[in-house]
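Undergrad: My questions all concern the structure below.
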Amino acid sequence: MEVVNINGSSGQSKVIIGSAFQNLASHLPQESVFVVTDSNVFPLLGHLKTKHPIYSVTPGEASKNLGVAQKIYEWLLENGAHRRSFILGFGGGVVCDIAGFVASTYMRGIRFGFVATSLLAQVDASVGGKNGLNLNGYKNIIGTFNQPDFVICDVLMLKTLPNEELANGFAEIVKHTLIADGKMFGFIEENVEGLLNRNGSIIEKLVEHSVRVKIGIVQADEFEKGERKKLNLGHTWGHAVEKLSGLPHGQSVSIGLEFAARISVEKGLLGKHDYHRVINLLQGLRLPIHTTLNPLQLFEALTRDKKKIADSVDFILMKGIGEVVIERLTLTTIKNFLVETYK
């Protein structure tokens with residue numbers, strides 16, 4: 001078991017990797033705990049079903065909205081939740097986002113923690129203190145920065161994940177190596193077969209690595225004023241793809257990583273050999289790298305991204321494998337690139 005600590009402005013948080021979620025009771029308050037989950041994960045709750053009130057949302061990104069949040073607020077009130085209550089988000093990335101947002105805003109904020117049940121949640125969504133809801137399909141337009149008390153990452157829970165859900169997490173793992181660790185990128189290249197076969201020791205090593213990369217960046221820039229923007233690698237284009245295609249987050253990010261790599265080659269930051277390494281690894285992990293959607297429609301969705309500043313976007317580009325740079329690109333530059341690429 002590994003414990004990685006975060007010292008955030010809202011308090012201390014810890015990510016516990018390799019711990020069985022059956023040890024959850026030692027991390028929870030003795031009373032007034034409220035559980036938010038979804039119907040896919042509900043069967044895994046065990047004794048929690050009889051011990052604490054439970055609110056189950058419909059699985060999927062469509063549940064990340066203010067209407068669902070309002071229903072949870074009303075449920076909390078009806079069940080006597082108060083300022084010393086505790087919310088446990090037990091599920092994947094969607095559940096963690098909803099639970100964290102509701103906890104951060106209910107009665108101006110109550111304590112919360114997560115049991116992350118998907119690979120995507122363990123390596124990204126549950127870690128770092130971002131809690132967001134979507135608005136009209138646009139990703140995380142409404143949100144907070146607030147750290148959970150704890151995140152439990154039990155890799156044994158990943159054994160039952162569908163292959164598609166596992167691949168979603170692989171996309172974020174690759175992203176973290178592209179940002180900060182070219183050597184670990186090579187490790188993934190050497191262990192594609194083990195990852196696809198769900199080798200527990202390999203996956204646990206990569207979960208811990210991703211958590212440490214993300215926490216290191218979050219510690220340096222908790223509120224995304226500079227350095228933390230690097231974690232958006234692949235997300236600007238990826239969110240547009242997700243919005244219009246309905247593809248899962250990880251698959252959309254994979255397409256976004258290819259797009260970022262292509263612009264990076266165009267700007268002379270990434271060599272063509274490394275570009276092919278990136279796309280070969282993504283494809284080896286059974287992730288998509290292209291979409292058939294109209295690029296100009298995707299561009300229109302991109303212009304509504306929350307990272308847009310006036311007529312520009314802070315785009316994350318690859319400087320080789322294991323290093324990225326933040327470059328402010330005008331919308332005109334991005335559109336011209338699209339026109340030239342897809343003509």
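Undergrad: Would you mind stating whether Glu258 is touching a helix residue (DSSP H, G or I) at 6+ places or on another chain (Cβ under 9 Å), in a helix (DSSP H, G or I) and at pLDDT below 95?
TA: No; evaluated as a whole, the condition is false for this residue.
Undergrad: Identify, please: which residue in segment 199-220 is of a type outside the set (Val, Ile, Thr) and open to solvent by less than 40 Å² (accessible area, probe 1.4 Å) and is, among those, farthest from the chain's Cα centre (by Cα)?
TA: Gly200
Undergrad: Mind checking which residues of segment 33-67 are in contact (Cβ under 8 Å) with a residue 40 or more places away in the chain, of a type outside the set (D, E, K, R) and buried (at least 18 other Cβ atoms within 10 Å of the Cβ)?
TA: Narrowing segment 33-67 to residues in contact (Cβ under 8 Å) with a residue 40 or more places away in the chain: 33-38, 40-41, 44-45, 48, 57, 61, 64-66.
Now drop any that are not of a type outside the set (D, E, K, R), which leaves 33-37, 40-41, 44-45, 48, 57, 65-66.
Those that are in contact (Cβ under 8 Å) with a residue 40 or more places away in the chain, of a type outside the set (D, E, K, R) and buried (at least 18 other Cβ atoms within 10 Å of the Cβ): Val33, Phe34, Val35, Val36, Thr37, Asn40, Val41, Leu45, Leu48, Val57.
Undergrad: Sort through Leu195, Leu244 and tell me the only one that's touching a residue at least 40 places away in the same chain (Cβ under 8 Å), assigned to a helix (DSSP H, G or I), among the aliphatic types (A, V, I, L, M) and open to solvent by 50 Å² or more (accessible area, probe 1.4 Å).
TA: Result: Leu244 is the single residue among Leu195, Leu244 that is touching a residue at least 40 places away in the same chain (Cβ under 8 Å), assigned to a helix (DSSP H, G or I), among the aliphatic types (A, V, I, L, M) and open to solvent by 50 Å² or more (accessible area, probe 1.4 Å).
Undergrad: Separate question: Counting only residues that are surrounded by 18 or more Cβ atoms within 10 Å (Cβ to Cβ) and of a type in the set (S, T, N, Q), how many does segment 1-31 have?
TA: Final tally of qualifying residues: 2.
Undergrad: Could you say whether any residue in segment 144-163 is in contact with a helix residue (DSSP H, G or I) (Cβ under 7 Å, 6 or more places away or on another chain), open to solvent by less than 30 Å² (accessible area, probe 1.4 Å), closer than 25 Å to Lys230 by Cα and acidic (Asp, Glu)?
TA: No, every residue in segment 144-163 fails to be in contact with a helix residue (DSSP H, G or I) (Cβ under 7 Å, 6 or more places away or on another chain), open to solvent by less than 30 Å² (accessible area, probe 1.4 Å), closer than 25 Å to Lys230 by Cα and acidic (Asp, Glu).
Undergrad: Take segment 139-157 and flag every residue that is touching a residue at least 60 places away in the same chain (Cβ under 8 Å), within 18 Å of Lys307 (Cα to Cα) and within 15 Å of the chain's Cα centre (by Cα). Walk me through how you get there before you give the answer.
TA: Initially, segment 139-157 is screened for residues touching a residue at least 60 places away in the same chain (Cβ under 8 Å), giving 139-142, 145-157.
Checking which are within 18 Å of Lys307 (Cα to Cα) leaves us with 139-142, 145.
Within segment 139-157, Lys139, Asn140, Ile141, Phe145 meet the criteria.
The values are calculated or read from the model by the stated rules, or taken from the named source; none is laboratory data. Since we're looking at a predicted model, the values are computed, not measured. Don't worry about glycine lacking a Cβ; one is built from the backbone with ideal geometry, like all the others, and counts go over all protein chains shown. The protein model used for the area step is the full one, side chains on, heavy atoms only, and it has no ligands, DNA or RNA in it. Shrake-Rupley method; radii C 1.70, N 1.55, O 1.52, S 1.80 Å.
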